[in-house]
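The block underneath contains the structure these notes are about, expressed in structure tokens.
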Amino acid sequence: MLKEFRTFMAQGNVLDLAVGVIIGAAFGKIVNSLVEDVINPILGLILGNVDFSEMKVVLKEAADGQAEVAIRYGNFLNQVIQFVILAWVIFLIVKAANKMRLSNSMAPKE
């Protein structure tokens, strides 16, 4: 079993996956910063000084040491914007990879 595991780990796919996960996590942080530090302030300014992270519907006010109960839809909007940006970038990467793969398969063999 140890030999099979070593063979599995030596395959390129595992290393590629590990690199992809690390780069994806770093890219996620960049997109998060883009949305929260660039896009949201611009949208907030356009919409009249709205801070998306503070947008919420309060269901129950805080009282007697209990926390407020609220639906924080502003944070949800942030996550949706981040998801759309990440999905778009992944789509572009897959499209470019497929185009390169197609052009390589159509190249004349020597």
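The values are calculated or read from the model by the stated rules, or taken from the named source; none is laboratory data. If you're wondering where the values come from, they're calculated on a predicted model, not measured in any experiment. As a convention, Cβ positions derive from the backbone with ideal geometry for all residues, glycine included, and neighbour counts pool all protein chains shown.
Looking across region 81-104, the residues that are free of Cβ contacts under 8 Å to residues at least 12 places away in the same chain and surrounded by 12 or more Cβ atoms within 10 Å (Cβ to Cβ) come down to 83, 84, 90.
Selection of region 29-56 for residues being basic (Lys, Arg) and part of a helix (DSSP H, G or I) yields only 29.
A quick yes/no check of all residues on (1) β-branched (Val, Ile, Thr); (2) in contact with a Gly (Cβ under 8 Å, 6 or more places away or on another chain); (3) farther than 14 Å from residue 77 by Cα:
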site: 13; (1), (2), (3): no, no, yes
site: 17; (1), (2), (3): no, no, yes
site: 20; (1), (2), (3): no, no, yes
site: 32; (1), (2), (3): no, no, no
site: 36; (1), (2), (3): no, no, no
site: 49; (1), (2), (3): no, no, yes
site: 56; (1), (2), (3): no, yes, no
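The set of residues in region 58-98 being out of contact with any strand residue (DSSP E or B) (no Cβ under 9 Å at 6 or more places or on another chain), more than 30 Å from residue 37 (Cβ to Cβ) and either modelled with pLDDT of 85 or more or not in a helix (DSSP H, G or I) (or both) consists of 63, 64, 65. Within the set 55, 1, the sole residue that is modelled with pLDDT of 75 or more, aliphatic (A, V, I, L, M) and surrounded by 11 or more Cβ atoms within 10 Å (Cβ to Cβ) turns out to be 55.
Tell me whether region 34-47 contains one or more residues that are in contact with a strand residue (DSSP E or B) (Cβ under 6 Å, 6 or more places away or on another chain) and surrounded by 10 or more Cβ atoms within 10 Å (Cβ to Cβ). No: region 34-47 contains no residue that is in contact with a strand residue (DSSP E or B) (Cβ under 6 Å, 6 or more places away or on another chain) and surrounded by 10 or more Cβ atoms within 10 Å (Cβ to Cβ).
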